[in-house]
Structure formats: C-alpha cells, structure tokens
Amino acid sequence: MELVFKWEWLPQLGRGLVLTVELTAACISMGAVLGLLLAIARLYARGPIYWLASAYVHFFRGTPLLVQLFMVHFGLAGWGISFTPLVSGIIAMGLNTAAYQAEYFRGAIQAVKRGQTMAALSLGMTWWQTIRYVILPQALRLVLPAWSNELVYMLKYTSIVYLIGLPDLMGVGRTIASTNFRFFEVYAVVALIYLALVLIITFGLRLVEARIKVPGLGAVRQ
Amino acid sequence: MTAGDWRGLVEGIPSLLGGLGINLQILLGLIALGFFAGIVVALIQVYAPRPLAAVAIGYEWFFRGVPEMVLLMLVYFGLRQFHVPISPFIAAVIALGLRSSAYQSQIFRGAIQAVGSNQMMAALSVGMTRFQAIRHVILPQALRLSIPPWSNEFSSVLKDTTLTSAIGVIEVFKRARFIMGRNYALALPTFMVVALFFLALTYLGNWGLGALERRYRIPGLEAKGAGERF
Amino acid sequence: MSLLVVEDLHKRYGKEEVLRGVSFTLEPGETKVIIGPSGTGKSTLLRCINRLTEPDRGRIWLNGEEITSPRVNIYRIRAQIGFVFQDFNLFTHLTALDNVRLGLIRVKRMPKREATERALRELARVGLADKANAYPAQLSGGQQQRVSIARALAMDPKLILFDEPTSALDPELIGEVLEVMIELAKGGMTMLVVTHEMGFARSVADEIIFMEKGVIVEQGPPEAIFTRPKVPRTAEFLRKITEFYGEQG
Ligand SMILES: Nc1ncnc2c1ncn2[C@@H]1O[C@H](COP(=O)(O)OP(=O)(O)OP(=O)(O)O)[C@@H](O)[C@H]1O
Ligand SMILES: [Mg+2]
C-alpha cells in the first residue's frame, strides 16, 4: 500500500477553501439576522406571525438540508425560478441555519430573567429599548457557545454544495481525487483542512467568549 | 402542474417509500454502531488513564470536526482504492456510525459527569467493583439523562442518511433525483414529498423518545434539556 | 393636591381575584407602608401603579394626570415612578455605574458626561461611590439593593415604589438598606413601601395600610394601627408578624 501526495494539490484546495469560508460566512450571517427576527416573532408575536415563524422553524429543522438545497436550486428552476449555484447555496443554507439559530436565540432570550424586563420597563424604557439594551446584550452572551456549535456545523455542511456544482473545498477535493484516483490521500488532506478550520473557529470563539464575559452571567457550556 | 405531472408524482411515491426503507436501515445500523462505540469512548474519556483518555478525546474531535460528506468519501472511495470490496451501504453505516459515536460519546460523557462521582463512591463503598458500579449505578442514571440530548442526535442523523446518496446508496433522495431527471417540473413537489417524509419521521422519533423518557423517568433525576444541534 | 390617587383598582388572574377594589391617596412627601399577609396582592398593586401589570378596572392619577387612560404615554409616566424590587433586578451585564446611567442616557436622553456625573452622585448618596465599576454579581445583596435605589433616584422620580426591598437580604444587611430609605423619607421623597419591617413602618411611615385578600382592611397613622387597631384581623396579623420578625429597626 503506497500513499501519494502532490504539493500542487494544495493551491487548488486553497481556492476551494476560500469559497467554503465565504459561503459559511454568508449563510451564517444571513441566518443570524433572520434567526433573530424569527426568535423575536416566536417569543413576542401573536396570531399569524407567530404561526408562520413556528411553521418555518419546524419545517427547516425537521427536513434534510440536502433536500432543501435541491428544492431551492433545481426545484424552483423546474418552475422557472433559477439562481446561480452560489446564490442557491447561500439561500438554502441561510434559510436552514436561520431556523436553528432562531431556537438558540429564543432559548437565550428566555433565559434572561423576567425581572430584567420589569426593571427596564420600570425605568420608562420602551419594548424596543428593553430588547436592545437589556435583553439582547445578555442573551447574545448566553447564546455564544451554542452559536459557535452552529457555526462549526454550517462550515461542515457547506460541503454538500459540490452537488449543485460549486467548487468548494469538498468539490475541489473530489475533482482532484477522481482525476488522480487517489481518493484516500486527497480526502484525508481535505478532512484535515476542515478539522483545522473547526479548531480555529472553536478556540477563536472561546477567546471572544472570555473577552466579553461578565461576572454572574454564566454561559452554560457542555 | 399538468395532470400528467401529478400522475408522475403519485406514481413515484412507492419508489420513494422503498428508498425511505433503505434510509431507515442505515439509520438503525449507524445508531447502533454509534451508541455502543459512543458509550465505550465516553467511559474511556471519563475513567481511563490520561493517555488513553486523550486518545479518546482526539477521536471525538476528529469525527466531530470532519464533514459527514468527507467521511463518507474517505471510507467508501478510500477503502475501494485499496481494493477492499465494501458496499456503499456498509460504508455509509461505518462512516456515519463513527461520526455519530463521537457525538453520542459527548452526550454520554456529559451525562456520566452529571451523575457525579459521589454515586461512584457510594457504589464502591458497598463493595462493588468499578465495573459493577459503572454497570449498575452510573450507566442506568446516565442513560436516562441522555435521552433528551440524544433525541437531537437522532433527528440529526436521520436527516444525514440522505448524504449517503453521494456514495451511491439508492435511498430516498437518490430516487427523488431520478424522478427529477425524468421531469424537471416534478422536482419541487417530489422533494417536498421527501421533506414531508422526514418531517413525519422526525416527529415520530421525538414522540417515541419522549415516551421512552417518561416511561423510565425517576423523580429527582431530571435532565437539563440541552436543545442543541450536535 | 394628592400626588397619587388610586381609585377602585381591580385585578384578576384567571379565577383568582387578586385586587378587589383598592382605593387610597398619597400626598407629596408622604411615606406610606403597606403591610399584609402573603398572596394578598401587595406586589400586584404596586405593579399596577406603574402599569407593569394592567389593572382590569379602576383609575390612577399621578399629579392630576390620569395614567390609566389609554392615550397616556406610559413610558413617560414610568420614568417618573421609581420601582425597587425585592430581588433587586440589577441589569446583570452592566456595572453599577452603567445600571444607574442606562435610564438617564436612553430614556432621558441625557448626554453621557452629565449622566455619568449624576449617576456617580447617586451612588455616593447610597454610599457606593467606590463600587461604580463592580458588576452586580460582585456586590453583596445589600449593596445591590442600594445600587437599585440609586438607579431609581437618578431618574428624579416623583414617587418611589418599594416592593419588600429587604426581604431577600441576610439579616445583617437589612440595616444598610433601611438607613438609605430613612434618609430618603426625611429628605421629603414620596414613598410607597411594602415591607414586613415593623420597626421601619412604625418609625418612618406617615400612614400604614393593612391589606388582606385584595382589599384594604384598615389604614391610619402607625400609632393608631399598632396600639389600638379597630379591626381584630389587624391586631392578629401584627401579633403574628412581630413574633415572626421581631421588632428591630
Ligand atoms: N403574573 C401572575 N399570573 C398569575 N397569578 C399571579 C401573577 N402574579 C401574581 N399572581 C397571584 O396573585 C396573588 C397575589 O400575588 P402578589 O404577588 O400580588 O401577592 P403579595 O401580597 O405581594 O404576596 P407576597 O407577600 O408573597 O409577596 C397570588 O396568589 C399570586 O399567585
Ligand atoms: Mg409580593
């Protein structure tokens, strides 16, 4: 059993890596904005807005991301609405992570004690000011550990976009592997690059967590 | 959609259901593998001597840090490259099972630590061996505490079985792609049907696990619901 | 003119009628103490006064303005009514200084420098100038409650509502909070205080209100209530509470 490795693979993989990182950043930020709105809708809205937000969260959490990606890219195209693979990838994964992030935000907002809201309102703050200056600063600190899990999860999950033709890290690896018939070696290198990225993100976010830590506002970590 | 499209959609459903059966078989296999390997890894992490525990932690990091898709490719095409005659199905169970064992070990480790060392001391003090203590005192409590976070892992791996289409398992998503290949207008409704299958299975699974948790609930031994995506 | 007029307040939670027609007034500079058994609706009454809880029926006037009217800007009203909670409710993520400043900056739109000066003055007034940069978790219960009083004072309230401000405190920390409250009362602040501290009630209150089961059973000057209550229930309650808490303060 002989292993083969060529240095020329690395710059190619590097280009794939850039796309992977960009894709992750785009969908995670889209998901954060949408997720926060969904969380607020599920906590404070009544009637149709509440129901729509809940149905959204249940649907996107209960069905495979792969199916969602194909619905957006091929399904809609079949009905005359088509996006480039990059746009489809960002939309599908952004919509998906929004549902998960919504649940983290909701949990964290609920974990902020009720007395905090009462105290803010008793000073004459409006609902929006209360959310903006009292609830969110606490909830965002509480949510960070769960949120960093989600970031790692999405980073890994962007690897499915090669199926709609995007040359991300996984996609480039697949091309190199099948043209050279060196599957084990190439996928092992790809795996290690993902792993390194995951470690960087995880420890980077722990540093952030430590920086913004406030006594008495413990973020629960498993 | 035309009447013909509708007929095509309905005619595709038996094939989709057949594919779903394959997903469930993979699910069963990978969960079983992940469960037993996960318990072993967790026990090593908590009770084994330092170097061995460190290896177990490295194992967990590796399988949690590498994308499912890459693991599938690595196991299936990697082994094939060295002429190991592995089927896509078995490769799927192994790759996803090992991945799940890492996540499940994290769950079990948390639960074992939540049970606490006082329970171990109490068990040893009545003359049990360490193995007996783990078997009869620690695990019965830890497994109960594991059910809520475990149900997250369950719904996560359930959905991940669709990834196995990428190494050639002819499961439900692959079959949906066949249908799409024949008629593009059917893509959206077909994927919708597949999505609804999974939605139903997710709820069925969570309901079953909820029932399991209630069945084995012991007053005073409550799990703190984690609600995270593992 | 009375500073606060409460008229026929009603509130129910589901089947339970928590307030069943409560009326009283508060004059400027006056301190009134509300006493009564647990679950009687004292907290509910206070929360209705700044509409953290909406009353079902009844009206409230502050300085002649009806604040139960649907057209009133309730945020402006709340800024004029201080509230001190049993469990402090200091903002967990903010230092003592920021806790006191937040309302000034966001509600009163005061420039930051001015707000800081004002906040530091209020912290000094409750004896905590040196704790300005501490987070709530780094303060004792008594210190936290004093910060929360400073937070209320900074807003220049016309009236402060206290809901059992010392009930969550260890006995040795109660004194420092009561001292601050006594100073306020002497300084002419209008206060409505729910408390089980009978010593404080007796020596500081201008009037005592005894509430039970959602109604005011008896009210009057402390001497009258403590020495010759008209209603037997009042006497019984006072006897029990003194056995329970003693009569320090
Ligand atoms: N938000 C709420 N929802 C439902 N019931 C409530 C709510 N708030 C208070 N209650 C009920 O109303 C009743 C009066 O409560 P309240 O807190 O006003 O009493 P209290 O006189 O302040 O008692 P304590 O001395 O124990 O603080 C209680 O029976 C309580 O259970
Ligand atoms: Mg109360």
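The values are calculated or read from the model by the stated rules, or taken from the named source; none is laboratory data. Note that the structure is a prediction, hence the values are computed from the model and not measured. Because the Cβ atoms are built from the backbone with ideal geometry, glycine has one as well, and the counts that use them run over all protein chains shown. To get the accessible areas, we keep the full protein, side chains included, count just its heavy atoms, and leave off ligands, DNA and RNA. Shrake-Rupley method; radii C 1.70, N 1.55, O 1.52, S 1.80 Å.
With 0.36 nm allotted per residue and the present C-alpha distance subtracted, the C:Glu17-C:Arg121 stretch has 33.2 nm of extension available. DSSP beta bridges fully contained in the protein assembly as shown are about 55 percent antiparallel. Nonpolar atom fraction for chain A, defined as the carbon and sulfur part of the 1.4 Å probe accessible area, stands at 69 percent. The mean count of C-beta atoms from other chains within 10 Å of the C-beta of residues in B:177-188, rounded to a whole number, is 3. A Förster radius of 25 Å, combined with the Cβ-Cβ distance separating B:Asn183 from A:Ile81, puts the computed FRET efficiency at roughly 0.90.
For chains B and A, what's the summed buried accessible area, probe 1.4 Å, to the nearest 100 square angstrom?
4400 Å²
So for chain C: antiparallel DSSP bridges make up what percent, rounded to the nearest 5? Antiparallel bridges make up about 55 percent of those DSSP assigns within chain C. The convex hull built on the alpha-carbon positions of chain C has an orientation-averaged projected area of 13.6 nm².
Within the listed set B:Val40, B:Val55, B:Val126, the residue fluctuating most in the Gaussian network model of chain B (springs between alpha-carbon atoms under 10 angstrom) is B:Val126. Remark: C-alpha extents of region B:3-216 on the principal axes read 74, 46, 23 Å, sorted largest to smallest. Dividing the convex hull volume of the alpha-carbon atoms in the protein assembly as shown by its residue count gives 223 Å³ per residue.
Taken along the Cα-to-beta-carbon direction at a fixed 7 Å, the label points for B:Lys174 and C:Met1 span 8.3 nm. Computed about the Cα centre, the dipole magnitude for the protein assembly as shown is approximately 1040 debye when only Lys and Arg (+1) and Asp and Glu (-1) carry charge, each at its Cβ.
Partner shielding of B:77-87 amounts to 3, given as the average count of beta-carbon atoms from other chains within 10 Å of each residue beta-carbon. From its DSSP helices (H runs of at least four residues, each -39,500 (n - 2.57)), chain B gives a residue-normalised ellipticity at 222 nm of -26500 deg cm²/dmol. Basic side chains Lys and Arg get +1 at the Cβ, acidic Asp and Glu get -1 at the Cβ, and with that the dipole of region C:50-128 about its Cα centre reaches some 320 debye. Along chain B, the exposed loop sites are trypsin sites (Lys or Arg not before Pro) outside DSSP states H, G, I, E and B with at most 13 other Cβ atoms within 10 Å, and the longest stretch free of them is B:1-216. Along the axis of the charge dipole computed for region B:3-216 (Cβ charges of +1 for Lys and Arg, -1 for Asp and Glu, origin at the Cα centre), the listed residues B:Ile39, B:Phe131, B:Trp61 are led at the positive end by B:Phe131. Short-range pairs are left out: with C-alpha atoms under 8 Å and at least six residues apart, the relative contact order of chain B is 28 percent. Taking every residue in B:57-65 and counting other chain Cβ atoms within 10 Å of its Cβ, the average works out to 3.
Label positions at B:Ile13 and B:Ser87, each projected 7 Å from the Cα along the C-beta direction, are separated by 2.9 nm. With both labels modelled 7 Å from their Cα along Cα-to-Cβ, the B:Ile57 to A:Leu207 distance reads 2.0 nm. Computed over chain A, the P(r) tail beyond 28 angstrom holds 41 percent of alpha carbon pairs.
Peptides B:160-166, C:182-188, B:32-38, C:22-28 ranked from most to least packed give B:160-166, B:32-38, C:22-28, C:182-188, packing being the mean of other C-beta atoms within 10 angstrom over each peptide's residues.
Assuming R0 = 35 Å, what is the FRET efficiency of C:Asp56 and C:Arg109, from their Cβ-Cβ distance, to the nearest 0.05?
Rounded to the nearest 0.05, the efficiency is 0.55.
When the trypsin sites (Lys or Arg not before Pro) in region A:1-55 are filtered for DSSP coil states and for at most 12 other beta-carbon atoms within 10 Å of their beta-carbon, the remaining sites are A:Lys6, A:Arg46. Each peptide among C:115-121, C:146-152 gets the average number of other Cβ atoms lying within 10 Å of its residues, and from highest to lowest they stand as C:146-152, C:115-121. When the C-alpha to C-alpha distance is required to be over 19 Å, the pairs from A:Lys156/B:Lys159; A:Lys113/C:Lys112; C:Lys213/C:Lys240; A:Lys113/C:Lys108; C:Lys186/C:Lys230 that qualify are A:Lys113/C:Lys112; A:Lys113/C:Lys108; C:Lys186/C:Lys230. Treating r as the C-beta distance of B:Ala3 and B:Arg80 and R0 as 45 Å, the FRET efficiency rounds to 0.50. Based on the Kirkwood approach, the hydrodynamic radius assigned to region C:167-249 is 13.6 Å, with every pair of different Cα atoms included.
Magnitude of the charge dipole for chain A, about its Cα centre and with charges confined to Cβ atoms of Lys, Arg (+1) and Asp, Glu (-1), is about 820 debye.
Sorting A:112-119, C:77-84 by their mean Cβ neighbour count within 10 Å, with the most densely packed peptide first, gives C:77-84, A:112-119.
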